[in-house]
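Colleague: The structure is given below, and queries will be raised subsequently.
Each reported figure results from applying straightforward, stated rules to the coordinates on display, with no laboratory input. Small disclaimer: the values here were computed from a predicted structure and weren't measured. Cβ atoms come from the backbone with ideal geometry, glycine included; neighbour counts cover every protein chain shown.
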Amino acid sequence: MRPFWLEQALFNDGDLAPALQGEQSADVCIVGGGFTGLWTAIQAKQKNPALDIAIIESDLCGAGASGRNGGCLLTWSAKFFTLRRLFGEAEAIRLVKASEAVVQHIAAFCREQGIDAELRQDGTLYTATSQAQIGTLDPVMQGLEACGIKSYYDMPPEEVARRSGSARNLAGVYSPIAATVHPGKLVRGLRRAALNMGIRIYERSPMLDFSTDHPAIVRTPCGSIKAKKLVLAINAWMASRFPQFERTIAVVSSDMVITEKCPELLEQIGLTDGVSVLDSRTFVYYYRNTVDGRIMLGKGGNTFSWGGRIAPVFDQRSPYEAELTQALHDFFPALRNVPVTASWNGPSDRSVTGFPFFGKLNGASHIYYGFGYSGNGVGPTYMGGQILSSMLLDLDNEWTRSPLTQGPLGHFPPEPIRYVGSIVVRNAIRRKERAEDEDRQPWMVDKLLSKFANAAGKADKA
């Protein structure tokens, strides 16, 4: 099933790249035509225009996670405490600033290349939808302020409700440094820009295998590419292809629904700009409106895969469509009679830390990888391109010196402990947050189990 966003983008851009045929060669071969692969190719080409770069994509560019996300272009500022704990204060501050700069970088690139990605720089709201969530972001806000990098400010409750379009949001903080995009139009726009720069793209060309010799040889059903350097940018699909990464990520679904067009109702409830709204639960609800007058709502942490394998459910309508539709109606009672156009889900590659990691495959000096975006990839994939392009060109800069290039920082338990534990903790979180939504005291065991949750999908709380 094609992602909803990609179907919309292809309606206006039916151009398909050819499949790889015969024996080819390149300076650099990038496996994966999503945001990471495209940004890496584009930035490497910008730094060295003479570089011969080829991208192979198993389906169409954007058919994976890049075309299935909610289109929220967020920063790492709300995860400052985790960054500081992992990498130290100086690097944490640098990464927060770099993630904020990405919003402008992507906006500028779209302007320069004439990409209509429906990018709207209207900021983001982190909200509380229960009394238990109120104030949970205060510590990280104070930490950002102490380091002089706080872009958020508190909003009065009535302003939070007005700006978010929903009285369910009881409190919140707002940052203007965020945007929303049409992910399908962005990824297809990057594809066109890459082609215009002379980067070769082969779609419908799945990698069958590759050699680790130098040069590397990547084989597809109808051809092969011999490359001096190889980049693996297949994200959630890495764990199923490379056993060494099986315990470095947990593949978890993010499920979404989107309504039919209803611009008049959106005008009535006040949700008329491109602000993104995320609540403060562990597996957040997030929503935004679209340029053509729809509302998209999503929630992560629903379906967990066994051993990092990409299950068939990830390519189908969301099995949580009914629950998401009910949540949509809880946020927006006025939309109860508006049909849901589509639902979908996609695999999110959640790392132990909640941040992506990069490195060289098995220590091979010419084979690079980057993945683990943990459900927040629209902006950070640009940073992934900065890192991987710098590594490809053997540069000595703040990106190649970053601890993000040291590979995975931690591992999940082996199966079946990881899978069973994930389900137990997920269900405890659901019970705990349901009690909080109903202003009841959660069970102590659920509160204890909830502490085991990976914080990758949410803002820091302490």
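Colleague: Just the Kirkwood number for the range 38-84, please: inverse of mean 1/r across all distinct Cα pairs, in Å, one decimal.
Modeller: 13.8
Colleague: Report the convex hull volume per residue for the range 138-272, counting only C-alpha atoms, in Å³.
Modeller: Details: hull volume 32.8 nm³, N = 135.
Convex hull volume per residue, Cα atoms: 243 Å³.
Colleague: Could you bin all the Cα-Cα distances of the chain into 20 Å bins starting at 0 and give me the percent of pairs in each, rounded to whole numbers?
Modeller: 26, 60, 14, 0
Colleague: Now for a different question. Karplus couplings for the range 205-220 from phi (6.51 cos²θ - 1.76 cosθ + 1.60, θ = phi - 60°), rounded to Hz, Gly and Pro as x?
Modeller: 9, x, 6, 7, 6, 8, 9, 8, 5, 10, x, 6, 10, 9, 10, 10
Colleague: With angles folded into 0 to 90 degrees, how steeply does helix 380-392 sit against the dominant principal axis of the chain? Use alpha carbons for both and round to 10.
Modeller: 20
Colleague: Going Cα to Cα from LYS432, which aspartates and glutamates come in below 12 Å? Please leave out same-chain ones fewer than 8 positions away.
Modeller: Those aspartates and glutamates meeting the cut-off are ASP446.
Colleague: So how much slack lies between ASP273 and GLN441, counting 0.36 nm per residue of separation and subtracting their Cα-Cα distance, in nm?
Modeller: 56.8 nm
Colleague: For the range 70-120, count all C-alpha to C-alpha pairs, find those more than 14 Å apart, and express that count as a whole percent of the total.
Modeller: 57
Colleague: Mind listing the phi-derived Karplus ³J(HN,Hα) values for the range 359-367, rounded to whole Hz, using 6.51, -1.76 and 1.60 with θ = phi - 60°, and x for any glycine or proline?
Modeller: x, 10, 5, 6, x, 5, 6, 10, 10
Colleague: If you don't mind, there's one more thing I want to ask. At a Cα cut-off below 18 Å, give the aspartates and glutamates reachable from LYS185, other chains included and same-chain residues fewer than 8 away excluded.
Modeller: GLU7, ASP13, ASP15, GLU57, ASP59, GLU112, ASP116, GLU118, GLU203, ASP292
Colleague: Go through LYS97/LYS360; LYS261/LYS451; LYS150/LYS447 and tell me which ones have a Cα-Cα distance over 32 Å in this structure.
Modeller: From the list (LYS97/LYS360; LYS261/LYS451; LYS150/LYS447), the Cα-Cα distance tops 32 Å for LYS261/LYS451.
Colleague: A further question follows. Describe numerically, in nm with one decimal, the distance between label points set 7 Å from Cα along Cα→Cβ at LYS451 and at VAL420.
Modeller: Rounded to a tenth, the inter-label distance reads 2.3 nm.
Colleague: If I take every Cα pair under 8 Å that is 6 or more residues apart in the range 146-237, average their sequence separation and divide by the length, what percent do I get for the relative contact order?
Modeller: It comes to 14 percent, rounded to a whole number.
Colleague: Of GLY307, THR220, LEU186, whose Cα points farthest to the positive end of the dipole of the chain (charges on the beta-carbon: +1 Lys, Arg; -1 Asp, Glu; origin at the Cα centre)?
Modeller: After comparing all options, I get GLY307.
Colleague: Excluding residues fewer than 8 places away in the same chain, name every one of the lysines whose C-alpha is closer than 20 Å to that of LYS47.
Modeller: LYS228, LYS229
Colleague: Here's another thing I want to ask about it. May I ask you to evaluate 6.51 cos²θ - 1.76 cosθ + 1.60, the Karplus curve with θ = phi - 60°, for each residue of the range 406-418 and list the ³J(HN,Hα) values in order in whole Hz, giving x for glycine and proline?
Modeller: 3J(HN,Hα) across the range 406-418, in whole Hz: 8, x, x, 10, x, 9, 7, x, x, 6, x, 4, 4.
Colleague: Specify which residue in the list ASN69, ILE53, LEU125 is farthest towards the positive end of the charge dipole of the range 1-139, using unit charges on the beta carbon of Lys, Arg (+1) and Asp, Glu (-1), about the Cα centre.
Modeller: Result: LEU125, furthest along the dipole toward the positive end.
Colleague: Can you give the Rg and Dmax of the range 53-141 based on its C-alpha atoms, in angstrom?
Modeller: For the range 53-141, the Cα-based Rg and Dmax read 17.0, 53 Å.
Colleague: Sorting check: for 412-418, 424-430, which peptide has the highest mean count of neighbouring beta carbons within 10 Å, and how do the rest follow?
Modeller: Details: 412-418: 13.9, 424-430: 17.9.
By packing density, highest mean first, the sequence is 424-430, 412-418.
Colleague: Using the Cα centre as the reference, give the magnitude of the dipole from point charges on the C-beta atoms of the chain (Lys, Arg: +1; Asp, Glu: -1; all else neutral), rounded to the nearest 20 debye.
Modeller: 800
Colleague: A follow-up question, please. Just grab the label-to-label distance for ARG241 and ALA50, each label 7 Å out from Cα along the Cβ direction, in nm (one decimal).
Modeller: Going by the 7 Å Cα→Cβ label model, 3.0 nm.
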